[in-house]
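Notes to accompany the following structure.
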Amino acid sequence: MSEPIAFEKLLVHRGILDESRLERAKGEAARNGMSLLAVIPQLGYATQESVYEALAEFCEMPFVMLSRRGIEKEIAQKTPARFATHYGFVPVEERGTALVVAISDPLSPQLLDDIRMVLKRRIEPVVTTPAEITRAIKELYGVGADTMEKMLIEAEGEGAVLTLEGSSVESDLGDDTIDASIIKFVNEIILEAIQSDTTDIHIEPFEDSLRVRYRIDGILHQAPTPPSIRGFHAAIVSRVKIMANLNIAEKRLPQDGKILANFGENRYDLRVSILPTPHGETVNIRILSRSSMALSMDQLGFLPEDMEQFNRFISRPHGIILVTGPTGSGKTTTLYAALAKLNQVDRKILTIEDPIEYQLSGISQMQVQPRIGFDFSVGLRSMLRHDPDIMLVGEIRDYETAEMAIRSSLTGHLVLSTLHTNDSAGAVTRLIDMGIEPFLIASTLIASVAQRLVRKNCSYCSEAFEPDRELLKAEFDLSDKDLEGARFMRGKGCEQCRYTGYKGRLAIYEMLPFTEAIKDMTLQRVNAGIIKKEAMKRGMRTLRDAGWRRVYSGDTTAEEVLRLTADTDPIHQGDA
């Protein structure tokens, strides 16, 4: 009992806790059957780093933060992942004949003896936090590395065979223990993705490797995975197919499916798409969080004046509102927020989508089924017989859908939809290219709203800096006065943001209202670039202007805005 008491005194002596907080933490630990080390950071009394730094001092061991120093992967490869994960240690470096290992439980008398025994070499321990151990093991060995090693051992012990024929790898996985490990491994990949706020998981086979990548905040990051994963590619794909209710025997045709998942209190829709390639089937899993889709208008990131203008658009009794932008720019989320605001008991709202990304209470939603001939245009015709006030069309892809949407708006309905164009003015050109007459566009379109999602500066590591002001003035068409009072910030990179400097995203908008002047230009089939410049003269804020507002307030960086608006800037494009 003397050791814990002495450590508690050290916490008070170092000013990490006072006596009253220490007693509350001890009581909480006793009630929940947890250690004092875990409870103190949970209660917010101190950081995990400061608590474990004190623990290292108490045990007379060095303290290290693994994220602040490099670890040679060659050293890690000499230590099996199953040992590192089971005993909770990370090999750090070699000092002569000794191996330096980081641990988070130096008070365990048996731990270091066990590590010495399994590694059969001299050990020099250092102390770090449990979070650092978990992060470092994933980085060094890959997601689910211990599960993968167990599968290899079980495969060898049970006689299962991995064979390479041509460019495809097949695995005979008849053993139940291996099947259970595959299930665990796939679950670990999905769980890691959800915890990282990933929007897409890509599982891509190549001739001699299998690559797993996560798309986080719009950027792809390669997930560390053990090299042995390639041998289990067929089993991993089969497991994903089973989860998505797909045909595991069909490996020649593309397949699409859906998985429903719960993590904590959040529910997720996982959209699975599988494509055949020469080296096996490649898998994409789109992760849709039902909580993130259920945003209100206030949560979208509208600037106050943009919010006022958008509310005017959606309050019109009839006409078409288009939200434009590339895939993954948040168009559907914006439209769902608009529908949530419009969803009143005196309004009938119908939607037709591909797929239905979020179930909206009080709104009738349909999903297209192209295999049986139920597409957007067919659905729109049927929707008109149900006396709707407001209709949402997931996407206008072709002439038939565009024609039906326009016909619906002409008969007194408010139609919301999306269109794939670079900017707001491009919607006019796109509709004309589909075959829609300019006079129909001019008489029905209320507004075209372009949007992008820009990465936000990481709130954990963001700091003030001084940018190249001349470059800013050139790229954003600014004067010295425009730069006055700007709060330039950028993230220096930390563990929370994966050392990118960004964490999370916010939307920027470009709103083109169809005024009489814009309608006249549409009737004359004027170039989209000229329409955009005319709208700018009349006060329209472009995507780049909206982005600059976010740079000015320190929410993001100029580099991020320029990256996402490079194809929308009329200043550098001319009239083309």
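The values are calculated or read from the model by the stated rules, or taken from the named source; none is laboratory data. Fair warning: this is a prediction, and the values are worked out from it, not measured in the lab. In this analysis, Cβ positions are derived from the backbone assuming ideal geometry, glycine residues included, and neighbour counts consider all displayed protein chains. Only protein heavy atoms, including side chains, enter the accessible area calculation; ligands, DNA and RNA are left aside. Shrake-Rupley method; radii C 1.70, N 1.55, O 1.52, S 1.80 Å.
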If the convex hull of the alpha-carbon atoms of the stretch 360-437 is projected onto planes in all directions, what is the mean projected area in square nanometres?
-> 6.0
Reciprocal of mean inverse Cα separation for the chain (Kirkwood radius, Å) | 27.7
Just reorder D346, D269 by solvent-accessible area, largest first, 1.4 Å probe, all chains present.
-> D346, D269
Helix-derived mean residue ellipticity, 222 nm - over the chain, DSSP H n ≥ 4, -39500 (n - 2.57), to 500 = -12000 deg cm²/dmol
Percentage of Cα-Cα pair distances in the stretch 1-109 greater than 17 Å, rounded to whole percent?
-> 60
Out of the DSSP beta bridges found with both residues in the stretch 5-124, what percent are antiparallel (nearest 5)?
-> 75
Would you kindly compute the Cα radius of gyration of the stretch 309-406 and its largest Cα-Cα separation (Dmax), both in Å?
-> 13.0, 40
Computed over the stretch 491-576, the relative contact order (Cα-Cα under 8 Å, seq sep at least six) in percent reads 26
For every other residue with a beta carbon closer than 10 angstrom to the beta carbon of P467, add +1 if it is Lys or Arg and -1 if Asp or Glu, then tell me the sum.
-> -2
Percent accessible area from carbon and sulfur atoms, the chain, protein chains only, probe 1.4 Å = 49
Summed over the other residues with a beta carbon less than 14 angstrom from that of I274, with K and R at +1 and D and E at -1, the charge totals +2
If you wrap a convex hull around the C-alpha atoms of the stretch 362-514 and split its volume per residue, what is the figure in Å³?
-> 200
Using θ = phi - 60° and the Karplus curve 6.51 cos²θ - 1.76 cosθ + 1.60, what whole-Hz ³J(HN,Hα) does each residue of the stretch 112-120 get, with Gly and Pro shown as x?
-> 5, 5, 5, 5, 4, 5, 6, 8, 6
Taking Cα pairs under 8 Å and at least six residues apart, what relative contact order does the stretch 216-356 come out at, in percent?
-> 14
What share of the DSSP beta bridges in the stretch 307-457 is antiparallel, in percent to the nearest 5?
-> 5
Per the Debye formula with a single identical scatterer at each Cα and no solvent contribution, what log10 I(q)/I(0) holds for the stretch 268-331 at q = 0.16, 0.24, 0.26 Å⁻¹?
-> -0.77, -1.16, -1.21
Which far-off residues, 5 or more places away or on another chain, put their amide H under 5 Å from the one on S364, with H placed in the peptide plane?
-> I349, T351
Once you have the Kirkwood Rh of the stretch 244-293 from its Cα pairs, apply Stokes-Einstein at 10 °C and 1.306 mPa s and quote D in µm²/s.
-> 133
Residues whose modelled amide H sits under 5 Å from the amide H of T556, counting only those 5 or more places away in sequence or on another chain, are N457, V551
Kindly provide log₁₀ I(q)/I(0) values, in the same order as q = 0.09 Å⁻¹, from the Debye equation applied to equal alpha-carbon scatterers of the stretch 423-576.
-> -0.35
Of the candidates I363, L339, T324, the farthest towards the positive dipole end of the stretch 293-379 (Lys/Arg Cβ +1, Asp/Glu Cβ -1, centred on the Cα centre) is I363
Give the percent of DSSP beta bridges with both residues in the chain that are antiparallel, rounded to the nearest 5.
-> 65
Within the set of other residues whose C-beta is less than 13 Å from the C-beta of R239, count the net charge using Lys and Arg as +1 and Asp and Glu as -1.
-> -1
Which whole-number value in Å² is the accessible area per residue of the chain, probe 1.4 Å?
-> 48
Check: C-alpha center the stretch 370-412 vs C-alpha center the stretch 177-228, spacing in Å is 38
Go through K341/K456; K331/K503; K138/K184; K331/K533; K73/K138; K184/K241 and tell me which ones have a Cα-Cα distance over 18 Å in this structure.
-> K341/K456; K331/K503; K331/K533
Whole-number percent relative contact order across the stretch 43-129, with pairs defined as alpha carbons under 8 Å at least 6 apart = 35
